[in-house]
Amino acid sequence: RDDYRQSESYAQLLNLLSFDAPIPPTRGWAASPDVLLTLVQSARSSGVRTIVDLGSGVSTLVLAKAAPQARVISIDNSPEYAAKTQLLLNSHAITNVDLRVAPLAPHASGNSWYETSVFADITEIDLLFIDGPPGSKNDRARHPALAECLLKLSHRAIIVIDDAARDGEKDLAQEFAKALPSHRLEFLSHEKGTGVLLPR
């Protein structure tokens, strides 16, 4: 049943975005088709101009294709993986992505997180996708996103959190909801769990 649901989402993704070149596998560490489809719907919401993608990859391509009018800022801690993402974007002739490498560094929260200097010029985020840094070994690895991104969100911002079937990401979604009383939180029964915060 789960495989069938992913196949349905993947087929819709292909039809909606009309890719002109191959795309990477959407299994394993990569974002699953169901959350990618949610990103398409979110990116096509009215007025989305600035998108921040924490963790580059196929999600970066999908966001850029879904919202060609927007600027997609994609952050990755791995130079090697960022280079692969850039090659992917080049193969699809994508020009609206600002791909930035931010090594993991000590954060005031006590966790390691992206070097915060790469966020200095970012404001008015309309769509925030949290799928990095890697969080499988530390359930609070992505929690600094709240402190670093909250005040950079536009009033109409949409926040999508992948891997929300895990306690750490679920807690992060709930912390965002507490900090944003203007938003409502919904958990989607996706393969890896997805938390979505939408303006009320």
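The values are calculated or read from the model by the stated rules, or taken from the named source; none is laboratory data. Given the structure is predicted, the values throughout are model-derived calculations rather than measurements. Cβ sites come from the backbone with ideal geometry, for glycine too, and all protein chains shown count toward neighbours. Ligands, DNA and RNA are excluded from the accessible area calculation, which covers all protein heavy atoms including side chains. Shrake-Rupley method; radii C 1.70, N 1.55, O 1.52, S 1.80 Å.
Let me spell it out: the conditions are (1) in contact with a Ser or Thr (Cβ under 9 Å, 6 or more places away or on another chain); (2) modelled with pLDDT under 95, and S46 meets all of them except one. Which number is the exception?
S46 satisfies every listed condition except (1).
Here is a check on your reading of the model: is L128 within 22 Å of L37 (Cα to Cα) and either at pLDDT 95 or above or of a type in the set (D, E, K, R) (or both)?
So L128 passes the test.
I'm trying to understand the selection: among the residues of segment 37-58, which are among the small types (G, A, S) and out of contact with any Asp or Glu (no Cβ under 6 Å at 6 or more places or on another chain)?
S42, A43, S45, S46, G47, G57
Taking into account only those residues within segment 152-175 that are in a loop (DSSP other than H, G, I, E, B) and of a type in the set (A, V, I, L, M), which is least open to solvent (accessible area, probe 1.4 Å)?
A164
State all residues of segment 116-151 that are outside any loop (DSSP other than H, G, I, E, B), among the hydroxyl-bearing types (S, T, Y) and touching a residue at least 24 places away in the same chain (Cβ under 8 Å); if no residue qualifies, say none.
Answer for segment 116-151, where residues must be outside any loop (DSSP other than H, G, I, E, B), among the hydroxyl-bearing types (S, T, Y) and touching a residue at least 24 places away in the same chain (Cβ under 8 Å): just T116.
Matching residues to (1) within 24 Å of L197 (Cβ to Cβ); (2) of a type in the set (G, A, S); (3) touching a residue at least 24 places away in the same chain (Cβ under 8 Å):
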{"position": "N15", "(1), (2), (3)": "no, no, no"}
{"position": "F19", "(1), (2), (3)": "no, no, yes"}
{"position": "R49", "(1), (2), (3)": "yes, no, yes"}
{"position": "L54", "(1), (2), (3)": "yes, no, yes"}
{"position": "G57", "(1), (2), (3)": "yes, yes, yes"}
{"position": "A70", "(1), (2), (3)": "yes, yes, yes"}
{"position": "A83", "(1), (2), (3)": "no, yes, no"}
{"position": "H92", "(1), (2), (3)": "no, no, yes"}
{"position": "S112", "(1), (2), (3)": "no, yes, yes"}
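Look through segment 177-191, keep the residues that are touching a strand residue (DSSP E or B) at 6+ places or on another chain (Cβ under 7 Å) and in a loop (DSSP other than H, G, I, E, B), and return whichever of them is surrounded by the fewest Cβ atoms within 10 Å (Cβ to Cβ).
S182
Restricting the search to segment 1-42, which residues are among the small types (G, A, S) and under 18 Å from the mean Cα position of the chain (by Cα)?
If the condition is that a residue be among the small types (G, A, S) and under 18 Å from the mean Cα position of the chain (by Cα), then S9, G28, A30, A31, S32, S42 are the ones that fit.
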